[in-house]
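What follows is calculated from the coordinates using simple rules that are stated; it is not laboratory data. As the structure is a computational prediction, the values presented were derived from the model and not from experiment. When we count neighbours, we look across all protein chains shown, and the Cβ atoms used for this are built from the backbone with ideal geometry, even at glycine.
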Amino acid sequence: MELTTACGEGGDELLQSQTLLWSQIFSYIDSMALKCAVELGIPDAIHSHGPHITLAELMSSLSLSPTKTPHMRRLMRILTNSRIFTCSGEKVYSLTPLSGLLVERNNNNNKKKKTSCLNGFVLAVLHPVFMNSFQSTSNWLRGNEDTPFSVAHGCGFWDMTHRDPEFNRVFNEGMASDAQFLMDVLLKDCGHMFQGLESLMDVGGGTGSAAIAVSKAFPEVKCSVLDLQQVVDPIHNEGEIDFIFGDMFEYIPPANAILLKVIIY
Ligand SMILES: C[S@@+](CC[C@H](N)C(=O)[O-])C[C@H]1O[C@@H](n2cnc3c(N)ncnc32)[C@H](O)[C@@H]1O
């Protein structure tokens, strides 16, 4: 009542605009809550308890102190609002199709098939090194640097994966989880693309998820991966895939077909 008087006739409109603005300002909380859920392993805890779990059961299965119960309730409310979980009236939580993509363990109904899990992708894209570059967008637009990333960190993205082994690992695992997920779909819907090939070069193919998926589906195709040294070096390759390090802008080893899967944001 007081606010409406203070704002005059357009008070409702002003408050609506403020609410929308706040919703934009705080939208990062949804991403951070998602990251927290993955780090704590909440989707796995619900899945193994399944199909429903109470807040007290969840706290206990994650070994969290009961003193944190009110905070967990708020976290679960945020995650329920963003449809990561559902919540029945009695504070009983269940997975949704979204959080089904964040369950790490094998699908109980089909022990041989590991379900695709996008946890790695969540942790890579929400990594502070990645996210900090967005803080520099306005400075980047004002200045002459190539990318917001180089404004924030003083080096290019691939220089960072080279110089920071931990970020390199998290990023590569993230890319691998995304590639595994997409290759399942791609091979099911468009697998015919690979028929008749003798060799395939996955350029910038990371730790080889896509190449491994093609090789499993089409053992007759000789699959290789070209990537940077910091990606290829840690791989202890005992499989069918050849890992080659090099710069794709300098040389791409010959093959029947080239696969180039990148993420553009
Ligand atoms: C966005 S990731 C995509 C990885 C993989 N293709 C996928 O979709 O999951 C891009 C990949 O390209 C590699 N890369 C970047 N610059 C490269 C270059 N000049 N030559 C070869 N690989 C490069 C990176 O190391 C990284 O593994």
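Details
- Radius 15 Å from Cβ of D164, net charge of other residues (Lys, Arg +1; Asp, Glu -1): -2
- The separation of the stretch 22-51 from the stretch 189-265, counted between C-alpha centres, amounts to 33 Å.
- By the Cα gyration tensor, the chain has an equivalent ellipsoid whose semi-axes, rounded to whole angstrom, run 40, 28, 17 from largest to smallest.
- Each of H192, H47 has some number of other Cβ atoms within 10 Å of its Cβ, and from fewest to most they run H192, H47.
- Summed residue charge, Cβ within 12 Å of L75's Cβ, Lys/Arg positive, Asp/Glu negative: +3
- Spin-label pair L197/S27, simplified geometry with 7 Å Cα→Cβ offset, distance in nm: 3.6 nm
- Translational D in µm²/s for the stretch 50-202 (Stokes-Einstein at 20 °C, 1.002 mPa s, Kirkwood Rh from C-alpha pairs): 112 µm²/s
- Angstrom value of the Kirkwood radius, inverse mean 1/r, which spans all Cα pairs in the stretch 1-99: 15.3 Å
- In the chain, lysine pairs closer than 26 Å at Cα, eight or more apart or cross-chain: 24
- A full extension of the chain between K68 and L141 corresponds to an added length of 22.0 nm, given 0.36 nm per residue minus the alpha carbon distance.
- Segments 205-211, 194-200, 14-20 sorted - mean Cβ within 10 Å per residue, highest first: 205-211, 194-200, 14-20
- Cα centroid separation, the stretch 61-96 to the stretch 144-162: 38 Å.
- Percent of alpha-carbon pairs separated by more than 16 Å within the stretch 40-88: 32 percent
- Dividing the summed helix terms, -39500 (n - 2.57) for each DSSP H run of n ≥ 4, by the number of residues in the chain produces a 222 nm estimate of -14500 deg cm²/dmol to the nearest 500.
- Counting only whole DSSP H helices of the chain, the ones at least 20 Å long by C-alpha along their axis and with mean Kyte-Doolittle hydropathy no lower than -0.5 are 11-25, 165-190.
- Estimated FRET transfer efficiency (L20, R163; beta-carbon r; R0 35 Å; 0.05): 0.30
- Ranking of C36, C117, C223, C190 by neighbouring Cβ atoms within 10 Å, starting from the fewest: C190, C36, C117, C223.
- Principal axis extents of the C-alpha atoms in the stretch 130-238 (largest first, rounded to whole Å): 50, 30, 20.
- Counting other Cβ atoms within 10 Å as a rough exposure proxy, the listed residues F181, F26 run F26, F181 from fewest neighbours to most.
- Taking Cα centre as origin and charging only the Cβ of basic (Lys, Arg, +1) and acidic (Asp, Glu, -1) residues, the dipole magnitude of the chain rounds to 1020 debye.
- Entry note, the stretch 85-211: relative contact order of 20 percent, from Cα contacts under 8 Å with a spacing of 6+ residues.
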